[in-house]
Amino acid sequence: MSSTTPEFAAAAAAAEGVKRAKRGVPEGLWQRCPGCQAVIFRKQAEELLSVCPECEHHWYVSATDRIEQVLDSGTFEEWDGELMPTDPLQFADKKAYAERLVAEQKRTGLRDAALTGCGMIRARRVAIGVTDSAFIMGSMGSVVGERLARLIERAADQNLPLIVISGSGGGARMHEGILSLMQMAKVTAALARYHEMGGLFISVLTNPTMGGVAASFASLGDLIFAEPKALIGFAGPRTIKATIRIELPDGFQTSEFLLEHGFVDRIVPRSRLKSEIARAIDYCGK
């Protein structure tokens, strides 16, 4: 009979670099909060819409999850889902752009960094778009700009309130060159026409909303809501500090700082976003 004890076996396995599975603890049951580093029961976090119960840190959620959180269940109808990005410049950095697109599509389940369509919020029909930072940092390529421009035009044609939830850490997508830069102007021009027709545009800023997205449509809302502690701005703080060579105020690119200085109209926790949007639509008579 072997004289090896369980303690000895565990120590031997550790010494050999063998990872032993924990008995009775399923994988993925817990997750660590990026804000306070607390270990949170995953199901509890999901029930709170991916908000930490300890520090109320708002975690990343995908574009499809955003749609489910904001719209009434089963009401979303996607628009222009057939649009697919191309590689007009045959661009390559560490990886060919065409290969990167395929990899991002497989990883995220999205065709590009924007998801657009219509649905109901508390029985109020709206046009809605969401950008997703998981897809090449939510940068604006030709498909993102085209989907948003078409969304705005349909909102104008159908006299619908327009909701855009921005979760983009990037600006114009360098892989598409000038074609990407043009999207900022195209979407902004569409919003100008929508505004002239008396449309209501509610822009929701999440973490992060940066670059060309923040410099174009995300900052043009009739009402601008932001999630708590979201990073919002154009260039990153290190780039700004290196350029102007002065000390920056603490938290100057957070939603709280921007609310204090008039850039944001209201900070809305994720749990109240749906109700606040519905209330704003009613208040504005849309």
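For the range 73-95, a residue qualifies if it is surrounded by 13 or more Cβ atoms within 10 Å (Cβ to Cβ) and not in a strand (DSSP E or B), and the qualifying residues are T75, F76, W79, D80, G81, L83, P85, T86, D87, P88, L89, F91. Which one is farthest from the chain's Cα centre (by Cα), of the residues in the range 134-158 that are crowded, with 24+ Cβ neighbours inside 10 Å and not in a helix (DSSP H, G or I)? In this case the residue turns out to be G141.
With the condition kept exactly as written, say whether any residue in the range 199-214 is surrounded by fewer than 17 Cβ atoms within 10 Å (Cβ to Cβ) and either under 21 Å from S168 (Cα atoms) or among the hydrophobic types (A, V, I, L, M, F, W, C) (or both). No, the range 199-214 contains no residue that is surrounded by fewer than 17 Cβ atoms within 10 Å (Cβ to Cβ) and either under 21 Å from S168 (Cα atoms) or among the hydrophobic types (A, V, I, L, M, F, W, C) (or both). Summed over the range 250-262, the residues that are of a type outside the set (G, A, S) and exposed (fewer than 11 other Cβ atoms within 10 Å of the Cβ) give a count of 2.
For every residue, the table says whether it meets (1) acidic (D, E); (2) within 19 Å of the chain's Cα centre (by Cα); (3) within 18 Å of F91 (Cα to Cα); (4) assigned by TED's automatic domain parsing to the domain that holds A92.
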position	(1), (2), (3), (4)
G167	no, yes, no, yes
E176	yes, no, yes, yes
K186	no, no, no, yes
A192	no, no, no, yes
E196	yes, no, no, yes
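Within the range 233-269, the residues that satisfy the criterion of being assigned to a loop (DSSP other than H, G, I, E, B) and either among the charged types (D, E, K, R) or in the same structural domain as L48 (by TED's automatic domain parsing) (or both) are R245, E247, D250, D265. The residue that is nearest to D65 (Cα to Cα), counting only those in the range 206-251 that are of a type in the set (S, T, Y) and touching a residue at least 24 places away in the same chain (Cβ under 8 Å), is T206.
Rundown of residues vs (1) farther than 26 Å from G199 by Cα; (2) basic (K, R); (3) modelled with pLDDT of 95 or more, yes/no style:
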| residue | (1), (2), (3) |
| --- | --- |
| G35 | yes, no, no |
| E56 | yes, no, no |
| A63 | no, no, yes |
| D72 | no, no, yes |
| R125 | no, yes, yes |
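Annotation note: Cβ proximity below 7 Å between a residue of the range 158-180 that is among the charged types (D, E, K, R) and a residue that is assigned to a loop (DSSP other than H, G, I, E, B) (sequence gap 6+ or interchain) occurs for R173/S139; R173/G141; E176/P88; E176/L89; E176/G141.
The values are calculated or read from the model by the stated rules, or taken from the named source; none is laboratory data. Just so we're clear, the structure is a prediction, and the values are computed from it rather than from any experiment. All Cβ positions, even for glycine, are placed from backbone atoms using ideal geometry, and neighbour counts span all protein chains on display.
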